[in-house]
Every structure is written in structure tokens, then in C-alpha cells.
């Protein structure tokens, strides 16, 4: 992060000067951005302050707790310095410098008081620009990755810890922020290009640590999805039941109940998607591709490939 910009963020704003005196919250947005919610009585931030721009970046006000609220847009909380504690779905989450919190529209959260050395930026995305559903479409076309991403995004918020995500994620975020506050020529186009790359990388960095699970069973299923994605050619339900100390039949039922598909069908789709990719992008023979994808029976491979893609491996290979 540019040192001058960081120094600017440390300087107290007029709102922060007020809050520093009595540590009471002062509304830091114009009243027109609030929508009354008669059901929950939680203030809702609308998109009116975007002013025809795809994203809006602001520093979170320090020296007073921020009350529970929600948004009609997707938001990222990015901690630049210090640490920040938030409450989401009645659970406290502490973020440190370099961490990101991704919140879907409609997700309510509150934020504890930030000290002078705590700097957090709110990066808000206009709903027409990006939301959780559109974020899912940025992922790979691989059936398993789409399934994995869809289930992860269904929890309404994701965490990207500094020590468990790529450094380039922060590098891109810093470039977007610096460009946003620079007001240089072509900033709008540059920010749009950088934001697309940032979101793609964000999707790539979603992992098990990104989510707070309700129970251990749910965590195990997501670990199994990761095992399938990373070890598709060798993984089996028997080996996983032994690895996680679960009864095989119980684990099979739990997987289908959680994901909506059987373990065998998800594993098969993953293997076939790998084969399809290799047929288009490698110089391996069809037999070598089948083996590389985890198939030992060529007849079975041809049959299932035709069922899923309505074409043959040979026809796909000809496009290579």
C-alpha cells in the first residue's frame, strides 16, 4: 500500500473526531442511503451512494462500535492495519491485517470499536456489477469446482486469511484502492480491469478456511469435496471414511444429503471433466487421457463420456 495513502487513512475524519470524544456511533452516510426494515429493524444500506460507478470504497470509521446493519449489495471488508472484530450470524470473527471478509447482500453484521492503529476499508460492489450468484459464474466451468463454489457461497460470507491466500490478492486490492483514490486519467477503466482480475483470484482462493461451519459433519463434507478435486484419480469413499473415521454408509448418506448428489456421481463428473480438458489441451492419446483421469476401463470411460457430453472422446480430441 502507498505510504502516503496509508498515512491519509490514519488521519481522523470529522466523524471520527466526534466519536473519539464520547465513543458513540455517528451516522457516516447520508440518510437517503438507509432503508427501514420493519421485520428486523436493522438499518439497510442501499446503493444510492454509488453514483453510477461499479464500486465504492471508504474507510470504516474508528473510535465507536458500528451497530448491526445490512446492505443491498456485496461488500468486502479489507483490514489494512491492526485487527477488527465483527459479529456475523451471532458469531464473533476477528480479522487481522491482510485479511478479507466477503459479505453477500442481505447479510447483517456489526463491528466492534476500532482503535487508532486499526484501518479497515469497505469495498462495496453495485449489485448490477457483481453479487454472489455472478461470482459463482467467474469460477471454472469444471462441474465439481462449480458445485464446490456454489455450496461455499450459500453461507453468505467468506473469509480470506492472509496466511492462507495468495499475496497477489492483496497486491491487486492495493492497486484498486490506490487507483480509486488517485483520480488519474483512465482510472475508471483501470479499476474495472483490476477488479475483474481481483474477483477471479478471490474465487480461486476460496478454501475450507474461508467458511465458519455449523457442525463438524458439514466441515467433513467440504473436505471431501476438496479431496475429490485434488485427488480425483485415486480417491475413494472407503479411503475417505477411514481417513475421517466415519462409517462408510453413514458418510455416503451424509454426502448426498449435504451436496444433493452421490459421492460416486460427483467423482465421476470430476474425472470426466478432467478428461474433456485433456482431450482439448494435451497431446496424450485417448487411452493415456483415460488413465490420467482415473479410468481403468475404456468401455466404461467411453460410455459415461457420451452420456455426459453427448459426444465421443474422439470427436472432442479432433478439435485439439
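The values are calculated or read from the model by the stated rules, or taken from the named source; none is laboratory data. Keep in mind that this is a model prediction, so the values were computed, not measured. When we count neighbours, we look across all protein chains shown, and the Cβ atoms used for this are built from the backbone with ideal geometry, even at glycine.
Observations
- Residue in segment 234-264 that is surrounded by the fewest Cβ atoms within 10 Å (Cβ to Cβ), counting only those that are modelled with pLDDT under 90 and under 28 Å from residue 313 (Cβ atoms): 260
- Members of segment 152-211 found to be in a helix (DSSP H, G or I), under 17 Å from residue 74 (Cα atoms) and out of contact with any helix residue (DSSP H, G or I) (no Cβ under 8 Å at 6 or more places or on another chain), listed by number: 192, 196, 200
- Count of segment 168-195 residues which are within 15 Å of residue 53 (Cα to Cα) and in contact with a strand residue (DSSP E or B) (Cβ under 8 Å, 6 or more places away or on another chain): 6
- Within segment 176-207, the set of residues being at positive phi and touching a residue at least 40 places away in the same chain (Cβ under 8 Å) is empty.
Here is a yes/no grid of residues against (1) more than 30 Å from residue 236 (Cα to Cα); (2) at pLDDT 90 or above; (3) surrounded by fewer than 15 Cβ atoms within 10 Å (Cβ to Cβ):
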| residue | (1), (2), (3) |
| --- | --- |
| 167 | yes, yes, yes |
| 172 | yes, yes, no |
| 179 | yes, yes, no |
| 182 | yes, no, yes |
| 186 | yes, no, yes |
| 208 | no, no, yes |
| 220 | no, yes, no |
| 224 | no, yes, no |
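- Going through (1) surrounded by 18 or more Cβ atoms within 10 Å (Cβ to Cβ); (2) at pLDDT 90 or above; (3) more than 30 Å from residue 214 (Cα to Cα); (4) under 26 Å from the mean Cα position of the chain (by Cα) one by one, residue 6 falls short only on (1).
- Matching entry among 232, 250, 222 (being farther than 22 Å from residue 165 by Cα and within 26 Å of the chain's Cα centre (by Cα)): 232
- Some residue of segment 291-308 being assigned to a loop (DSSP other than H, G, I, E, B) and surrounded by fewer than 19 Cβ atoms within 10 Å (Cβ to Cβ): yes
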